[in-house]
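Beneath this line is the structure, given in structure tokens, with notes to follow.
Any read-out appearing in this document is the output of simple, stated calculations on the displayed coordinates, not a laboratory observation. Predicted model, so just to flag it, every value in this text is computed and none were measured.
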Amino acid sequence: MELLKYKAATLIVALGLALLACQSKSNQTTSVDYSTQESIYQGEDSILVGKHTRKQLESAPYKEWFDANYQGYQTNQKVISELEPLLKGVTIKVFMGTWCSDSQQHVPAFFKIMDRADYKYTDFELYSMTEDKMTPQDFEQNLNITQVPTFIIYKDGKELNRLVEYPLTSIEQDLLEILQGKGYKNPYAL
């Protein structure tokens, strides 16, 4: 009888361990989809964190500031005309914080400029960060993101330069200087 109890207990423990092993193996291979909104805080303090889309910024609760700053930004069409042909083959990564007033102001303005310049967004990535300048999957790793928003401009796989936190002249003028190779220095590189 004791032997039967021992075998039953051993079987139960073995089954339990097998189930745990399957669960942890399953958890290891499951990836999180950061293209959907991930909220760290609830209610009015809801923020996006991770990789996401512009469409999410155009939805509540971000829609109010996004629309106001998109509509309110006055573009310089002359500069945008010069910028447009230089954007071909350019990759852009934007790191922002939905909690950050500079991001709320400059990211919608950036989208308006890029829309006016007919940028295709095929080589474009948008990331929202926590207030500690982090993302769940470390998208910022080795990119030295110290301020948001940060717009990193790449050509042929190499970083040309970046706009950090706020433009020196205007977003479109700063982008033009970067793409023309005029030695642009963001406020933190001065």
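Could you tell me whether the range 103-190 comes out rounded, prolate or oblate from its Cα gyration tensor? Rule is a ≥ b ≥ c as square roots of the eigenvalues, rounded for a/c under 1.5, then prolate if a/b exceeds b/c, otherwise oblate. In terms of gyration-tensor shape, rounded.
By DSSP, the beta bridges lying fully in the range 43-179 are antiparallel in about 75 percent of cases.
Residue by residue, the range 156-168 carries 3J(HN,Hα) couplings of 6, x, 10, 5, 7, 4, 8, 9, 10, 6, 8, x, 6 Hz when phi is fed to the Karplus relation 6.51 cos²θ - 1.76 cosθ + 1.60 (θ = phi - 60°); x denotes Gly or Pro. Here the 3J(HN,Hα) profile of the range 130-137, calculated from phi with Karplus coefficients 6.51, -1.76 and 1.60 at θ = phi - 60°, is 6, 5, 8, 6, 10, 10, x, 9 Hz, Gly and Pro shown as x.
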